[in-house]
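The structure under discussion appears below in the form of structure tokens.
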């Protein structure tokens, strides 16, 4: 299955997109700047740009050595590798996001834990930042969500990754939460694409389709996909709003995936008391919005019918 981020990465490669990270994406994470050598005659911005681009290029020249280590997920071998090649994986005091994303893509949870903690002596106080945007406009949690790496998602969240970051830039679909990536990719699963209203560009869902969707989502093969969405939903703000947006846009499968994955979360989250008044749970909020939407729709249709009758009588 070609996921959202894989499709974007393939497009960037085909387009020859090898532009390095820009300093403005780095600035919030580190107050220290590496000064250009006195003999270089470069200003700070030019030097910074060259350093970042070199870090990206250098990392991809050693990635073939790193991949076998990550497949074994051996922290000992990784630290030995870093001791030799670490200078090609860092910028300022941080391990570059391309390196962390490589660990995530290979689902090397133990190695990722090492670089996120940054406590191993071999790292020389360097570590990976779980909230550092990559050159392609997405964050580590997007990468983990793209491959439904549940343990990696849990690790990133435990190390401070935000589930509310959104993709940005012209190399990615903008405005996507990690939760969106997980839900969207779940909806592209072969079981759903092959069995739920195939070959219909604008499907009209029936009650039977809803039952079929629930049945498909409850299959054991779908568990890992729902688990990823469930873990992300626990840490994402406004999940009820996201569900409502899917419903309003006619994306029944997306809404079904998120409702099933986040059902416990949306029942519990709004149930706290505020000013001694119990707020309705998320399901009640969604049902209320649907009812209001249908009422507004009926009013609009009634208004149009009256206008049509008035014009016919003239």
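Brief remarks on what is shown
- Computed extension gain for residue 237 through residue 211, at 0.36 nm per residue and net of the alpha carbon distance, reaches 6.5 nm.
- Pair residue 164, residue 289: separation of 7 Å Cα→Cβ label points (nm): 1.7
- Here the alpha carbons of the range 71-226 define both size measures, Rg and Dmax, at 18.8, 61 Å.
- If the segment from residue 190 to residue 267 were pulled out straight at 0.36 nm per residue, it would be longer than the present Cα-Cα gap by 24.8 nm.
- Efficiency of FRET from Cβ geometry, residue 249 and residue 119, R₀ 41 Å, rounded to 0.05: 0.35
- FRET efficiency, 1/(1 + (r/R0)^6) with R0 51 Å, evaluated for residue 221 and residue 60 via beta carbons: 0.90
- Packing order of peptides 247-255, 97-105, highest average first: 97-105, 247-255 (average count of other Cβ atoms within 10 Å over each peptide's residues).
A short reminder: the numbers here are calculations on the coordinates, not readings from a lab. Nothing here was measured: the structure is a model prediction, and the numbers come from that model. Here Cβ is always computed from backbone atoms with ideal geometry, including for glycine, and neighbour counts include all displayed protein chains.
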